[in-house]
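Asks: Here it is: the structure, laid out below.
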Protein chains: 2
Amino acid sequence: MDLSPDWVVGFVDGEGCFYVGINPHPKMTLGYQVLPEFRVVQHERDIQVLYALKRFFRCGVVRRNGENRYELRIRKLSCLQKVVEFFEHHPLKTKKNVDFKKFARIVKWVSEGRHLEPEGLIEIVEVALSMDRTNKVKTKKILADLQQRYGRRDSPPQAEMSGVR
Amino acid sequence: MDLSPDWVVGFVDGEGCFYVGINPHPKMTLGYQVLPEFRVVQHERDIQVLYALKRFFRCGVVRRNGENRYELRIRKLSCLQKVVEFFEHHPLKTKKNVDFKKFARIVKWVSEGRHLEPEGLIEIVEVALSMDRTNKVKTKKILADLQQRYGRRDSPPQAEMSGVR
């Protein structure tokens, strides 16, 4: 199955999902992991379309998602950069493009390592919070925690930093 | 918003619906109406995409579908023939194409008036029954009713026909 760029844009306008997970993670300097991912979920009868998308982007993993469903999931940063580049050159036509642009900003920030600094992480969490699929309750708590610990200063004093996991 | 054929195929692979309603209808000779329709439903934020699809096919009506949703609905037979022709030249890539082919057969049969003859109507109901979105319980009852009244003969005797609404 060969896919054309326009078909991919149309299909992702319908079925794609740009998601940024923010998860507690003891091994991260600031205590949270930023996990952007691009996902397309289909009923198992259309698993071939997921493999075709995987070939198209030369990225990702096809895996189970629920009982009768599969997903193509792309998490690797270098792969997400390719996905972002593709949709920058072939813009989505639905309002999903608004979420895509936020996603693209976060992928860029993560690739610059900004999620490793308090100010950058707070900005990322704020943008993620404004995205469609984000778990608002959980993410608001994380934002409150970060703001309490680091405020909105450009660089927090060393004394505060030392208490961070 | 300009749509390319490939984008339309990709988007409809994700979001389109080919549906054939079979409804009791006292004014129809055989007591049932065959109502094929092509539908794309979107959240109200993407109503512009529905209008763009309407312009693309030069057909259909954009109308409410639930609280926050709108749909483009195409029911007019001459319009459905255009839709069928388009997807015959630009095939869907998902398994939705299986349903589309059944839909296309029914649209052709209806345009030939086959739904006005018992044998044709029974065939249409049988095909509709095998489609994804069909209400199976309701449609099976209709099929049983038609089979009981007309059996599988090519042309039922006039005596039986006179009893039909």
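The values are calculated or read from the model by the stated rules, or taken from the named source; none is laboratory data. Note that this is a predicted model, so its numbers are computed, not measured. Because the Cβ atoms are built from the backbone with ideal geometry, glycine has one as well, and the counts that use them run over all protein chains shown. Only protein heavy atoms, including side chains, enter the accessible area calculation; ligands, DNA and RNA are left aside. Shrake-Rupley method; radii C 1.70, N 1.55, O 1.52, S 1.80 Å.
Asks: In the set B:V49, B:V107, B:V83, which member is open to solvent by less than 10 Å² (accessible area, probe 1.4 Å), closer than 22 Å to B:I142 by Cβ and touching a strand residue (DSSP E or B) at 6+ places or on another chain (Cβ under 8 Å)?
Replies: Working: B:V49 fails: closer than 22 Å to B:I142 by Cβ; B:V83 fails: closer than 22 Å to B:I142 by Cβ.
After applying the criteria, what remains is B:V107.
Asks: State which residue pairs qualify: first residue open to solvent by less than 10 Å² (accessible area, probe 1.4 Å) and inside segment A:25-36, second residue of a type in the set (K, R) in any location, beta carbons under 7 Å apart, and separation of 6 or more residues or different chains.
Replies: If the second residue must be of a type in the set (K, R), the pairs left are A:G31/A:R165.
Asks: Mind checking which residues of segment B:57-114 are assigned to a helix (DSSP H, G or I) and over 17 Å from the mean Cα position of the chain (by Cα)?
Replies: From segment B:57-114, those assigned to a helix (DSSP H, G or I) are B:57, B:77-89, B:96-111, B:114; that's our starting set.
Within segment B:57-114, B:H89 is the sole residue that qualifies.
Asks: So if I check each of A:R69, A:R133, A:R73, which one is open to solvent by less than 80 Å² (accessible area, probe 1.4 Å) and out of contact with any Ser or Thr (no Cβ under 8 Å at 6 or more places or on another chain)?
Replies: On the way: A:R69 fails: open to solvent by less than 80 Å² (accessible area, probe 1.4 Å); A:R133 fails: open to solvent by less than 80 Å² (accessible area, probe 1.4 Å).
Just one listed residue meets the conditions, A:R73.
Asks: Right, next: When the residues of segment B:1-43 are filtered to those that are of a type in the set (F, W, Y) and more than 14 Å from chain A (Cβ to nearest Cβ), which remaining residue is farthest from B:V83 (Cα to Cα)? Full working, then the answer.
Replies: Applying the first criterion (of a type in the set (F, W, Y)) to segment B:1-43 yields B:7, B:11, B:18-19, B:32, B:38.
Okay, now just the ones that are also more than 14 Å from chain A (Cβ to nearest Cβ), so B:18-19, B:32, B:38.
Values: B:F18: 10, B:Y19: 13, B:Y32: 24, B:F38: 8 Å.
Among them, the one singled out is B:Y32.
Asks: Looking at segment A:54-65, is at least one residue surrounded by 15 or more Cβ atoms within 10 Å (Cβ to Cβ), modelled with pLDDT of 95 or more, within 14 Å of chain B (Cβ to nearest Cβ) and more than 25 Å from A:K101 (Cβ to Cβ)?
Replies: no
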